[in-house]
Amino acid sequence: MEDIEDMKTMEMMKMMEDVESIAIENIIIRNLKVYCDTEEFIGGEKKYRSVFRKNEAETIYVDITLLNARYLQVNWESTLFFLLYNSAGECIARKAVEVFLEKEEMELNETACFTGFHLEAGDYHVRATTTFDDGDKKVDFPILDDPEDYSTDFQIVDIPEDYGQCFALEDFSFYRRNEGEETTDFRKNTLTGFDLDKLEAIDVFFLARNKLSFSWPSEFFVSVFDQTGMLKESTIHKGAPIEGGDPDQFHCFINLGEGQKSYWRKGNYRVEVVFMNELIIEAPFVIGEKDIETPFSPETVQPRRFHGGKRVISASALNIDPLEQINQMIGLHSLKKELKRYVDKVRYNEARIQAGYAVKPVALHSVYLGNPGTGKTTVARLMGKVFHELGLLTKGHVVVEERNSLTGKFYGSEEEKTTQALERAQGGVLFIDEAYTLLVKEDPKDPGRRIMETLLTTLSDEGNRDICIILAGYPDPMIDMLNENPGMKSRLPNIYHFDDYSVDELMQIARSYLETNQYVLTEEAETAMHRTVEKACKRRDNKFGNGRYIISLLENQIIPNLASRLIATGEIEQVDRINLIEKVDVENVGTEIRDVDYFKQKKNIGFHHSNPS
C-alpha cells in the first residue's frame, strides 16, 4: 500500500515539473482556458479558443486546473474569484467559486460562467485569484508573480457568420525542408508528395485577403492526420500581415514535424484548418520515395461538404463572383437563361429606383425542378451569396433541410423544428431538398402537411423579405405537390429547371474530377469510358443519377479497379503510375447506377475547376 502511495506521489511530482509555474504553499494553477460552446470531448476537453464572434459570446466559460502541491498532506478549501476585465483595465464582472481540494486528489478542475453581459467587440482579460480588492481578504496562498500563470486574454470580434464574407483564401502551399535547413526556400515549387529521405519538416503556408473594411484578429486551428485518421499534431495560429506586403492580406506559416525524430513515415496524410469551429481547408499530401510538384488552388483545398439535417452551408470564400461560378458550371443551360432574366430584372429595378420611380420588390422564393445529380444543391448554396451581393439578403448563408430533419419523434414537433429552421435561415436561404416528400396524399394527418403549413406562413409574410425559401425535387412529384397546394404555388413564383446532363457534359464532369484529384486518364481509357457513359444515358430514366452517376462510376468502380490492379501487379510502389487510369480499369463497369443508391451522398455537380463533392 505504501508503494502505491509512493508511486502516486512520484507521479504528482512529475506533473508538477511539467507545469511552467512555481510551486506555492498549497496549489499550482496549471492553466486557464476560455470557451463558449459546452460540447465536451475525450478527457473533458472543450473547444477552447481566444477569438469569438460577438453573437456567440453571450456566455463565456473559463476552465481552470488546480494541482495539489500538498498531495496526501492536507485538504485545501478557499473561494476562488474569476475577474473579467475590459480593454480599459476595468473589472466588469466577477464570479466566486467555492473550491475544496481533498488531500487525496491530485488535481481539480473548476469552471466559471460569465453570462448576460452582452460583451462588445474588443479585448478582454480573465484573472483567477483568491484575493479580491474589495476588502475581502482570503489569502490561502500567494498569487504568482507572473500574471500569465493565472490569467488569459481573449477577444470579441463583430464579423459576419459567413467566413466567406470575412476573408478569401488566395493561396495554399506545402514546402519541403531537409535536415540541416533552418529556413524555407519559397522559390521552390509547392509539393503534394515528399521523398522521405532527409525530410526534416513540411512547412504549410496559406494566404488570405481580408474582405472587411477594418482589421480584426483571426485564429486558425491547424491539425495533421495520418492515413489511419490518427491526429499527429494540432496547433493554434493567428493570422499575421506580411511585412511590407498588401495591408489587406494576412497569412499563416506552420512547421510540421520540425525538430522531432522519427516523425514521418511513408503514407498518406491530410492537413485540416479550422476557423471559428468551421473546417475551411482540407489538403492531402503523401510521403513516399519522390517529391511530387503539384500546385494547389483555393478551390482544391476547400473541404467536401455534404448536406442534411441542420447543416449550414456558408457562401463561398473564394474571390470569384457567384454568378460567374454558376456560369462556369457544366451544362444547366435552362437554369442559366432563367437566372439571367431574374438578375436583369433586379438590376433594372435598381436603375428605376435611382431614377426616382417606385418599383415592386422582386420575389425571392423559388422552386428547383430537376432529376437527381443535376446540381440543385450546388446552385442553392451559391444563390445565397448571389442574393446577398444583389442586396436582397443581409447574410446570404444557406440552411439545408429535408423531411427527416424537420420531423421529430413526437407528433407535433415538426412545427417547432420548421420554425427553428426558418429562424436559422433568417437573412439567408432555407433550402428544402426532396420537398415533394412533404405531401402524402393518402394521409391527411401526415406531419409533412404541418411543415408545409408552417412554411406557408412565412411565404405569405410580405413584411419579411430577408429570407428566401427554395423547394427542390424531381419535376413530376414537385409539380403534383404544388398543384395540390395552390396557395403555396402562387407564393413560389420563380421556377428554375435543371436539365439532365448529356454524354459530353458527363465526360466534362469526369475530366474535372480527375484533374482535381490528380488522376490521369489514358486516351484508350477515355474512349472506353465514353462508351460506358453513352450506354448508361441511353437507358436513363427519372432516377438516373446524372452528375452523381459519373462521380460514383469513378469513385466506386473505376478507381477501385485501378487500386486492385496496382496491388496485383506490384506497381503500387511506382509513383509515376499510381494515378494512371488505363483501359482495363474502365472495361466491364456497370452502366445502370441510379440515384436511389446515393440519396445521402449529395455532391457539388458541374464545376470545371472544383472538386465535385
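The values are calculated or read from the model by the stated rules, or taken from the named source; none is laboratory data. Source: prediction; values computed, not measured. Methodologically, a virtual Cβ is constructed for each residue, glycine included, from the backbone with ideal geometry; neighbour enumeration extends over all protein chains shown. We work out accessible area using only protein heavy atoms, side chains counted, and drop any ligands, DNA or RNA first. Shrake-Rupley method; radii C 1.70, N 1.55, O 1.52, S 1.80 Å.
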Practice problem: Taking the Cα centre of region 324-449 as origin, sum charge times position over the Cβ atoms of Lys and Arg (+1) and Asp and Glu (-1), and report the length of that vector in debye to the nearest 20. | Solution: 500
Exercise. Would you mind listing how long region 170-254 runs along its three principal axes, going by Cα atoms, in whole Å with the largest first?
Key: 46, 31, 19
Quiz item: So how much accessible area does residue 462 have, in Å² to the nearest 10, using a 1.4 Å probe?
Solution: 120
Quiz prompt | Stretch gain in nm, segment residue 511-residue 228, where the contour uses 0.36 nm per residue and the Cα spacing is subtracted | solution = 99.0 nm
Quiz item: How far is it, in nm, from the label point at residue 334 to the one at residue 531 when both lie 7 Å from their Cα along the line to the Cβ?
Solution: 3.3
Exercise. Show 87, 234, 334, 405 ordered by accessible area, largest first, where the area counts protein heavy atoms only and the probe is 1.4 Å.
Key: 87, 234, 334, 405
Self-check item: Rule-of-thumb Rg ratio for region 377-472 [Cα; 2.2 N^0.38 Å; N residues]
Solution: 1.08
Self-check item: Distance between region 163-183 and region 102-130 - C-alpha centres, whole angstrom
Solution: 35
Exercise. Give me the distance between the Cα centres of region 411-452 and region 193-212, rounded to whole Å.
Key: 45
Quiz prompt | Cα pair distances of region 393-442 binned at 10 Å [whole percent] | solution = 26, 49, 22, 4, 0
Quiz item: Between the DSSP loop rule and a limit of at most 13 other Cβ atoms within 10 Å, which GluC sites (Glu not before Pro) in region 91-128 are left?
Solution: 102, 104, 120
Quiz prompt | Residues whose placed amide H lies under 5 Å from that of residue 47, excluding near-sequence neighbours | solution = 37
Quiz item: Taking θ as phi - 60°, what are the ³J(HN,Hα) couplings along region 347-357 by the Karplus curve (6.51, -1.76, 1.60), each to the nearest whole Hz, with x for Gly and Pro?
Solution: 5, 5, 4, 4, 5, 5, 4, 4, 7, x, 9
Quiz item: Stretched out fully, how many nm does the piece from residue 277 to residue 343 gain, at 0.36 nm a residue minus the Cα gap?
Solution: 20.4 nm
Self-check item: Loop chymotrypsin sites (Phe, Trp or Tyr not before Pro), region 166-230 (other Cβ atoms within 10 Å of the site Cβ: 15 or fewer; DSSP)
Solution: 186, 214
Practice problem: Roll a 1.4 Å probe over the protein heavy atoms and report the accessible area of residue 77 in Å², nearest 10. | Solution: 130
Quiz item: What does the charge add up to near residue 52, with Lys and Arg as +1, Asp and Glu as -1, over the other residues with Cβ less than 11 Å from its Cβ?
Solution: -1
Quiz item: Which of the trypsin sites (Lys or Arg not before Pro) found in region 49-122 are loop residues per DSSP with 16 or fewer other Cβ atoms within 10 Å of their Cβ?
Solution: 70, 103
Practice problem: Could you list which residues have their amide H under 5 Å from that of residue 495, counting only those 5 or more apart in sequence or on another chain, with H placed in the peptide plane? | Solution: 367
Quiz item: Pairs 54/376; 337/376; 33/395; 376/538: which are spaced more than 21 Å apart, C-alpha to C-alpha?
Solution: 54/376; 33/395; 376/538
Exercise. Taking the Cβ of residue 392 as the centre, find all other residues whose Cβ is under 12 Å away and add up their charges (Lys, Arg: +1; Asp, Glu: -1).
Key: +2
Practice problem: Tabulate in residue order the Karplus-calculated ³J(HN,Hα) for region 538-545, using 6.51 cos²θ - 1.76 cosθ + 1.60 with θ = phi - 60°, rounded to whole Hz; enter x for Gly and Pro. | Solution: 5, 9, 5, 10, 6, 10, 5, x
Quiz item: Can you give the FRET efficiency for residue 352 and residue 321, using 1/(1 + (r/R0)^6), R0 = 22 Å, r = Cβ-Cβ distance, to the nearest 0.05?
Solution: 0.40
Quiz item: Using all Cα-Cα distances in region 472-577, what percent lands in each 10 angstrom bin from 0 up to the longest?
Solution: 12, 34, 24, 16, 9, 4, 1
